[in-house]
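Before any comments, here is the structure.
Any read-out appearing in this document is the output of simple, stated calculations on the displayed coordinates, not a laboratory observation. Here the structure is a predicted model, which means the values were calculated and not measured. Counting neighbours? That spans all protein chains shown, and the Cβs are built from the backbone with ideal geometry, glycine included.
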Amino acid sequence: MSDLILHFISDTRYLFFKYLKLTWRMPMWTFFGLIQPLLWLLIFGQLFRGFAELPQFPTGDYTQFLAPGVIVMTVLFGASWSGVSLLRDLRHGVMEKLLVSPILRSSIVLSRLLHNAFTVLVQVFLLVIVSALIGAGMPSGQGFFWIWVVVLLLAVGFSAISNALAMFLKEEEPLVVMGNMLTLPLLFFSSALVPADFMPAWMQLISRFNPVTYGVEAVRACYEGVFLQPFWMSLGILVVFAGVSFIAAIMTFQRAE
Amino acid sequence: MIKIDHLIKEFDGGVRAVDDISLHVQAGEVFGFLGPNGAGKTTTIKILTTLLHPTSGTVRIAGHDVSQDPLAVRMSFGYVGQQSGVDPAFTVSENMLLQGRLYHLPKKKIEERMEALLSLFDMSERSGQWVGSLSGGLKRRLDIATALIHEPKLLFLDEPTIGLDPKSRADLWAYLRRLNQEGMTLFLTTHHLDEVDQLANRVGILDSGRIRVIGTPDELKDSLGEDTIHLTFDRAVDTAMLEVFRKKEWFKEVIQEGLSLRLYLENGQTYLPKVMQWLEALGLTAKSVLLARPTFDDVYLKYTGKNWLLAGESSEDEWGGKNNKWAKKWKKSDDSDTGGDEEWKKWGDQAQGSWSEEKDTPEKLESNPAEVASEAASESNQSDASGTGQEEPWKKWGDQAQGDWSAEKKSVEKSKVTPSEEVPESTQPDETKKTVESNDAENVPDEPWKKWQGQGDANWSSEDKSSEDKPKGESDASSQWPSDESSDKNWKE
């Protein structure tokens with residue numbers, strides 16, 4: 001049994017590094033993934049600058065408000081590509097070869113999710129620096145650490161969903177369409193772009209069931225350096241979200257036919 | 001090595017892809033699973049390799065039960081799937097290392113094995129090369145080499161020569177034979193009749209999820225007699241007449257197929273003139289007559305009652321249920337061989353057309369070379385479907401003719417010995433060649449066979465041209481090279 005656990009750990013680690021090597025060989029994609037969030041930050045931030053002058057707006061500057069939202073958005077976009085790379089492996093028969101080898105399905109899934117989370121962590125690191133340069137402010141060291149934790153949980157959760165969808169749909173086109181269809185509403189039905197108080201009641205209600213909301217709230221708390229009960233609650237919800245998605249992904253792998 | 005007992009696999013929606021298969025494969029055997037797309041070959045192999053769970057029945061691989069101890073089963077075999085299975089973004093040696101790690105081998109062991117395997121497959125000098133830049137044939141070789149990294153005693157190959165050109169196919173067969181000589185048990189699926197003929201010690205013919213017959217290739221073919229005479233008539237022979245044929249002591253087997261009759265007998269050369277006289281005595285005029293060796297096509301026809309090329313028509317989709325998407329996708333892109341029923345149907349229709357209306361055949365032959373060219377061109381532009389998938393039936397024969405000289409030699413010789421007894425017809429691999437071979441004979445007037453031709457005469461007059469246009473082995477092969485290159489491009493991405 002302990003053999004199995006050792007294998008689980010070493011297999012996961014080994015596959016993780018394999019995927020990392022693949023990303024390392026095509027590093028441009030990691031940077032391309034940053035372009036869209038940066039555009040949002042710059043253009044959307046400018047476009048809605050006047051927003052922050054409204055009474056009841058929580059922060060003095062809209063860019064400052066938007067930065068956590070854009071960070072979460074990067075996670076969403078990055079994670080939704082995870083499934084596409086799974087389809088690449090399936091198409092090349094690489095996945096089939098993995099599945100007939102004596103490796104646990106959970107090892108395969110976990111290494112994929114961790115790899116995706118790692119790429120997103122790098123992206124978020126760069127994004128935090130860039131947004132600090134354009135006036136979003138810099139989180140404290142402790143804040144930065146917790147941002148990464150939040151991002152890790154979100155990335156694991158959403159890339160698990162993306163992988164599960166890929167395993168289910170088995171084709172790239174519908175997966176990309178599904179990804180696009182899901183990511184934008186998830187953003188709009190959260191407090192990423194506007195404060196929750198500004199939303200109509202029904203949208204507020206929906207946003208309470210949206211993991212993105214908790215991600216954004218948690219990242220905002222990190223920026224403000226306020227680690228009180230709402231932060232820990234958000235974090236708890238994200239842990240549950242990541243765990244449930246992970247298990248769901250393993251299940252789709254196990255019954256994959 | 002492999003023990004399958006009453007294996008059944010039902011997909012969602014009650015489709016039975018595998019219907020009560022029992023089969024034992026001994027160590028050291030090469031077992032070939034033969035059947036059209038959708039016969040259940042891939043489903044079976046996926047159950048054997050623990051990729052699918054059986055609905056019922058037991059499967060033991062090297063002593064381990066696939067359902068109870070999948071991890072032990074996975075250690076005991078190597079698997080070469082329909083897709084390449086090697087990662088194009090890594091080098092040859094990286095792929096081998098990765099595969100070794102997946103089987104938890106120590107690094108030193110992996111390096112030893114890698115060296116041995118690469119030299120076995122003549123790829124030592126390529127260890128630093130990107131897999132994406134390898135040709136289809138090399139990629140397949142590497143695929144097999146990686147599958148053997150953990151020294152399994154059993155190797156599963158699911159349509160291993162899919163999408164390979166004739167040369168690479170022949171090479172691959174040589175490597176597989178060598179592996180078998182070293183004691184490896186091989187279990188392969190294919191829908192190429194010549195492939196099992198070349199490789200397998202034993203063959204199981206699978207159709208609609210059931211095993212129709214198991215035997216050695218020679219047993220199966222000998223069960224039909226040494227030779228076969230194909231007769232085509234203007235009208236289908238009625239049942240009463242069929243009985244007359246069946247009762248005739250010369251024939252071991254008589255199979256009717258549309259307008260044609262296939263007569264299986266010993267020593268066909270001696271009997272052919274007698275048969276012709278006998279036909280005349282019966283008042284029948286055959287439009288075309290052909291003497292050939294029975295092929296697996298005949299074997300398949302005998303055991304399934306279906307023509308090989310038409311066989312896909314009634315079969316179910318291998319992937320079953322909602323996974324049909326796979327089939328659809330592959331039809332569009334990579335391996336059209338794995339495509340679903342529809343394509344078979346299409347070829348089937350065409351094949352049927354050419355068989356049931358014999359008159360069309362010469363014209364069809366005539367127009368084919370142009371199609372070869374345009375098809376090759378379009379293939380190289382669009383996709384790498386170079387397997388039988390998108391080939392027209394005749395192209396496959398050309399292909400077969402190339403890869404299978406030894407098997408065919410006999411019948412070609414035969415046609416040389418008795419050219420006057422031959423009237424070419426285009427339903428068989430052999431025939432296409434013979435059309436070319438016996439061309440000279442045709443220009444000689446007053447050959448006795450002319451009178452057998454009956455009304456078919458007018459149609460066959462276009463024959464000369466067609467046999468000139470019809471590419472021989474080489475041009476058929478050359479039409480497939482571009483598709484191979486394009487497959488490289490595709491993989492490279």
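Less than 19 Å from a label point 7 Å out along the Cα-to-Cβ axis of residue A:13: which backbone N atoms in the stretch B:83-108 qualify, by residue?
Taking a point 7 Å out along Cα→Cβ of residue A:13, the residues of the stretch B:83-108 whose backbone N falls under 19 Å are B:97-108.
What would the Debye equation give as log₁₀ I(q)/I(0) for chain A at q = 0.14, 0.17 Å⁻¹, counting only Cα atoms as equal point scatterers?
The calculated log intensity ratios at q = 0.14, 0.17 Å⁻¹ are -0.94, -1.31.
Modelling each spin label as a point 7 Å along the Cα-to-Cβ direction, I'd like the residue A:29/residue B:240 distance in nm, to one decimal.
Taking the two extended label points, one gets 7.3 nm.
Computed FRET efficiency, Cβ-Cβ of residue B:19 and residue B:256, R0 30 Å: what is it to the nearest 0.05?
Efficiency at R0 = 30 Å is approximately 0.65.
If we count every other residue with Cβ under 10 angstrom of residue A:253's Cβ, Lys/Arg +1 and Asp/Glu -1, where does the sum land?
Here the charged neighbours net out to +3.
Which listed residue (A:59, A:138, A:35) has the Cα farthest towards the positive end of the charge dipole for chain A, taking +1 on Lys and Arg C-beta and -1 on Asp and Glu C-beta about the Cα centre?
Value computed over the given set: A:35.
Quick check on the stretch B:2-219: what does the Kirkwood estimate of hydrodynamic radius come out to from the alpha carbon pairs, in Å?
17.7 Å
Placing +1 at every Lys and Arg Cβ and -1 at every Asp and Glu Cβ, with all other atoms neutral, what dipole size does the stretch B:2-219 have around its Cα centre, in debye to the nearest 20?
380 debye
Test of understanding: ordering B:191, B:53 by Cβ neighbours within 10 Å, fewest first, what list do you get?
Placing the least packed residue first, the sequence is B:53, B:191.
Can you list which of the trypsin sites (Lys or Arg not before Pro) found in the stretch B:192-276 are DSSP loop residues with at most 14 other C-beta atoms within 10 Å?
Loop-located and lightly packed - B:235, B:248.
Using a simple charge model, +1 on the beta-carbon of Lys and Arg, -1 on the beta-carbon of Asp and Glu, nothing else, what dipole does the stretch A:149-257 show about its Cα centre, in debye to the nearest 20?
200 debye
Would you calculate the separation in nanometres between label points at residue B:249 and residue B:129, each defined as 7 Å from the Cα along the Cα-to-beta-carbon direction?
6.3 nm
Holding the Cα-Cα limit at 21 Å, pick out from B:252/B:274; A:170/B:153; B:248/B:274 the pairs that are longer than that.
A:170/B:153
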